[in-house]
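Heads up, the thing below is written out as structure tokens.
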Amino acid sequence: MALSGGERASMSRFERWSIAARVLTALLVAVLCALLATRILETRLLRARFDLSQDGANTLDPLLVGVLARLDEEVVVDAYFTPSDPPFEVVGAEVQDRTRRLLRLMADESGGKLRVELHDVARRGRPSARAEARRGELQLAAIEPGGLVVLSRGKRKELVRLRGGLADLDPGNPDPRLAPWAPARIVSFRAEESLAAGLLSLSDDEEPVVALVVGQGGLDPRRTDDFGATLFVRELQDDGFRVVQVDLERGQPLPEEARVVALLSNAQPLSEAAAKVVTDFVDAGGRLYASVGGSIEGVGGLASVVARYGIGIDPDGIVARGVPSLGGALEEGSPACADLSIGLDGMAGMNQVTDPLRAAGRRVYLRASRALVRGAPPRGASVIELLRAPDKSWIDRPDSAGRHDWRRGPGELAGRPVVAMQALMPALAPVPAARRRADERPETRVLVVGAPDVAANWMLPQNRDFTLLCFNWLAARDTRVALKRQDPAARRLDLSQAESLSGIYLVAVWLAPLACALLGLLVWWRRRA
Amino acid sequence: MISVQSLTRVYGSHKALDAVSFEIQKGEVVGFLGPNGAGKTTTLRILAGYLPPSSGTARVAGFDVVRDSIEVRKRIGYLPEAVPLYRELRVEEMLRFHARLHGMERERTRRRIGEVLEQVQLADRSSQLVGNLSRGLRQRAGLAVALLPEPEVLILDEPTSGLDPIQRLEVRALLAELARRHTVIVSSHILPEIEAVCPRVIIVAKGRIAADGTREALVRQLGGASHVRLEAVVGPDVAKAKALLASIAGVSQVVDGGRVGIHHGFDLVCDSDLREDAGALAAARGWALRELSWRTPSLEQIFARIALSDGIGEASGGTGGSTSGVARTDAATSPAVALAGARLEFELRATPATAAAPAAAPAAISGAAQAKPKVVYNLNPFDGGARRDLGKPKAIDGGSAERKEP
Amino acid sequence: MLGFLRGCSAIWRRELAGIFMGPLAWTLLVIAIALQGLLFLVYLKTSQGDVDLALRFGFGESWAFWALAALFPPLLTMRMISEESRLGLLEYLLTAPVSDAAVVLGKFAAATSFMALVWSSGLLHALLVQAAGVAPDWGAVWGGWIGAVLVSGLFCATGLLCSALTNTPVVAAFGAIVLHIVIVILPLLSSLTEARWIQEAIARVDVLDHHKATFLVGVLDSAYLGFFVVWTALFLYAATRSLEARRWR
């Protein structure tokens, strides 16, 4: 015990340091344990997830879950979000917000296979160095307003744009002078489907080629107005097809590896030679998509081309139906009678094309469609009536001047005319080597839609799913498009009603705090003495 | 009931308790006596399960305080010096909380609260906020809390500190009543409190047990001799007067008490009261007698001696009579201490009655001894709150903080 | 085990009662409820009546939520251990037949219960909106409330740890607030750096994201629930050991 003061102090200092060291190591071990535990809890085996939200908005569609589970390579998702141009600022931001959340869910679900990088230009004002570097790597020229999502796997990449990809937006009517002001709104939020489709096509190394026959006055893939086909081309490309424009009249040959030939509402018939090219192609295990346009007669006309495969086109009638009025009665006599909206009851059952549409409650919209009839199919062929007009429809015949009265006249048959038809049969001619696929029987498939504008720019948004389903069936691919239930509109309180808001104001800002304060005073008073 | 073996508690390099051992049987009432910083509170805290000992063992009610701490805590009622009660609660609420902590059922709780409030005479203040009670009442409330679960052992740390004399008497009466039904340890630095309540006393100083036994046994064993005090004018020849006094039959020793004015004081160490003989001698010699008194040792003197010096003689005369009566002296570590101006009553020498080794530290009676500042450790590490280096002693009264090592 | 729970619940009750017997708790409650109420109306207006979005703001998307979540728990927990130690009340608790862990857990439960009450103002807002005619997404509302309670639990645990480490309440509160500010601005720091490993490390412990991405939108994910539970348990364990260490001081 006889220690000097200095010795005594240093011993306790050593003790103190050793205690501190022990505490520090214990702390470190505890933190590592915590990190390990959280890591273990994230594995799929131990994970349980309950989506309490009302519409299951946070649960991924099972198809997408399946796609994510099947990812074998890492897929990088670069999301570039930029401010949208007017009038889409608000809805664009909402779409970006929801997409962000969706990407987060997908990343969680993929178990590491999906790597999401958010380049948030909208929030920060200017892109970060990393965003610029990635843009260079991905060879993106420019990013359109609103932004886009790039899925890349190795060298391949798929782009999903905001407008038309992540969501369909309606600009509303921003100019109140012409019509009552209507805000922009989201028609449908489709990010999940688009991203799923993008992932699928990334995984699928094959890109079926669609040969679009141009030069006949049909839907022009270079026109961006309502009657152009730019959206059609883009949708097919986004879905994993490669679209090639072929001018048969000028002698351009069909590409060797082409899978589907598309005749989009040609106004003039094909020349005989061109028609032969087409029929030779289709006979040899090829696929044909045709929408009925202006002229169908003649040797190279559409009617004779498809009659070969058992599909007949009624030449001069247009399928019409009365317009439902407010009272419920069907009113005839207006050109609107030519607008057909085909729902569940008009779709063929147990059919690859219509089953997904029926499951999601989607409709197909046709205007001025011809009627199709069953013809004389070759041996072994099956002809399927894909779409029928709703009941109480008839085929309206024009008068001698070519005008329609849109009333059901005596000679005009009522019923449910067929407006879209499928035909499939074993290949009529041997399949050339370039197109032969090992896992498939050589088959010819034909699909005809009676309306000219079904794939036009102004109608494609409504008929997008139907069109893609047709092409997927023609190319004999799995159903690509995952259709979800309609996304609901946000629940909104009507702010124009003053009472509701003032009621909330009163209770939330005054009553509740006051009640608390009174309670507190009561407690204080009771415990004073 | 309570058994402590070689209990040691070390703070840094300072020993607050140094191999303390004692035993307390069921039903005993023991007083822990010692100056501030002796280690009383530390011992009680260890018994209550608050502090763990650095070495040694302590068992309460058959359970080890370290290994079965919760079992021990279930069976004791502990009242710390600060009387910690939640100030914002009412007395009743505090009692109910305590009952819940002890897992008492509702019926028993209700009954016990009534009984215990009656016992401490707080029945009329049961719904008063604890923070509004005076110190004395709060002490009683703390006692009520400690008593609530009918503990086997009561541990009370300075139960009368801060009270006025009347309140102290009340607490003493209460303790006396409790003593009948519980095993009680009371600690205090005020001797009269302990004397009044506890038949058995354990004196601690500097972390060690200085004495352990009933009052009479201690006085008998450690008290030093009784003596006759004589102050008179004896004339110039002091040595002759001293020899004369020594010649009285029965006087074993005469201690020169020093000169006070014209009177001279003598202490005649003897067995029986020889005042008459001494008085007769004084009258025969014609000394002007000023004082003639019979002084017997008391516990107070023993305590003072122990408290003021570092001499430690340990003689255990406890009723259990189990511990060994080894007296240890630590002459090496006990510096000579004298308070300037203080006078010890008698010389510090072992009485012929004990076989124990002589207690160390001779008293320097004359004022010529150097005055060294008295330095006492404050061992309460929670004092001041902040982490303190207990290697540096903190002086309590006056003096520098440095301590010169022997 | 039963004894542990009994002691824990006794301490929980007393601490909660004690919280409500002081003026601080009521002041905080009134301020929080009034502020949240006011801000809820602002959110409703800026989101053009989107009730789900407005409720989400109140439960985790706004700076006000994180300010309240970071600042209130330290004020509640600062005195729980540090001042009790000064008043000698800790000696009382530590000599009662309850384990140290029960003491810490009981105090933690009381502080978190108070915070749960603070966040229930969001539930009130959802009810008001429903009464006004538009039913909110109750799954997301409950998820947001649960997430807010978990976040507050984590912050109460850190507050308790700071309280156990010092004897001065102000120092404890200060330390806890600094810690909380670090936790809340951590994801912002992640955007400052370009190093991927730092970003990934921060992403693992990003409390804001773990609340906003899952609980706030109505998803109860066991992995993120486990995250909060594990880290809260870590801090509570550290607080218990720190409490034990006081006996040795």
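Using just the helices of chain A, give the 222 nm mean residue ellipticity in deg cm²/dmol: DSSP H runs with n ≥ 4 each add -39,500 (n - 2.57), and the total is spread over all residues, rounded to 500.
-10000 deg cm²/dmol
Treat each spin label as a single point 7 Å out from the Cα along the C-beta direction, and report the A:Ala359 to B:Glu300 distance in nm.
10.2
Using only helices, what value at 222 nm comes out for chain C when you add -39,500 (n - 2.57) per DSSP H run of length 4 or more and divide by the total residues, to the nearest 500 deg cm²/dmol?
After summing the helix terms and dividing by the residues of chain C, the value is -28500 deg cm²/dmol.
What ranking of B:Lys242, A:Lys392 emerges when the number of other C-beta atoms within 10 Å of each C-beta is taken as an exposure proxy, fewest first?
Going from least to most buried by this count: A:Lys392, B:Lys242.
Could you give the C-alpha radius of gyration of the protein assembly as shown expressed as a fraction of 2.2 N^0.38 Å, taking N as the number of residues it contains?
Its radius of gyration relative to the 2.2 N^0.38 Å reference: 1.49.
Looking only at C:Leu68, C:Leu117, C:Leu188, which one moves most when chain C is put into a Gaussian network model with springs between Cα atoms under 10 Å?
Ranking C:Leu68, C:Leu117, C:Leu188 by mean-square fluctuation puts C:Leu188 first.
Calculate, axis by axis, the spread of Cα positions in the range A:207-474 along the three principal axes, and write the results as whole Å, longest axis first.
Rounded to whole Å, the extents work out to 60, 42, 41 Å.
Quick check for me: using +1 on Lys/Arg Cβ and -1 on Asp/Glu Cβ, what's the dipole size of chain C about its Cα centre, in debye to the nearest 20?
680
Among B:Glu23, B:Glu92, which comes first, second and so on when ranked by fewest other beta-carbon atoms within 10 Å?
B:Glu92, B:Glu23
Which order results if C:Phe72, C:Phe174, C:Phe59 are arranged by neighbouring Cβ count within 10 Å, fewest first?
Result, fewest neighbours first: C:Phe174, C:Phe72, C:Phe59.
What is the sum of charges, Lys and Arg at +1 and Asp and Glu at -1, for the other residues whose Cβ falls under 10 Å from the Cβ of A:Gly164?
So the environment of A:Gly164 carries a net charge of +2.
For the range A:62-185, just the Cα set please: Rg and Dmax, both in angstrom.
16.2, 55
State the dimensionless ratio Rg/Rh of the range A:311-375 (Rg: radius of gyration of Cα atoms; Rh: Kirkwood radius).
That ratio equals 1.03.
Give the average over all directions of the projected area of the C-alpha convex hull of the range C:85-171, one decimal, in nm².
Projected over every direction and averaged, the Cα hull of the range C:85-171 covers 7.3 nm².
Under the classification rounded if a/c is under 1.5, otherwise prolate if a/b is larger than b/c and oblate if not, where does the range B:1-71 fall, given a ≥ b ≥ c as square roots of the Cα gyration tensor eigenvalues?
Because a/c hits 1.5 or more and a/b fails to exceed b/c, the range B:1-71 counts as oblate.
Take the alpha carbon gyration tensor of the range A:140-272, find the square roots of its eigenvalues, order them as a ≥ b ≥ c, and report rounded if a/c is under 1.5; if not, report prolate when a/b exceeds b/c, else oblate.
oblate
If you wrap a convex hull around the C-alpha atoms of the range B:225-295 and split its volume per residue, what is the figure in Å³?
Cα-based convex hull of the range B:225-295, divided per residue, equals 73 Å³.
Is chain A best put as rounded, prolate or oblate by its Cα gyration tensor, with a ≥ b ≥ c the root eigenvalues, rounded for a/c under 1.5, and otherwise prolate when a/b is larger than b/c, oblate when not?
prolate
We did not get these values from a lab; they are worked out from the coordinates using the rules stated. Every value quoted in this text rests on a predicted model; they were computed, and no experiment measured them. Neighbour counts run over all protein chains shown; Cβ positions are idealised from the backbone, glycine included.
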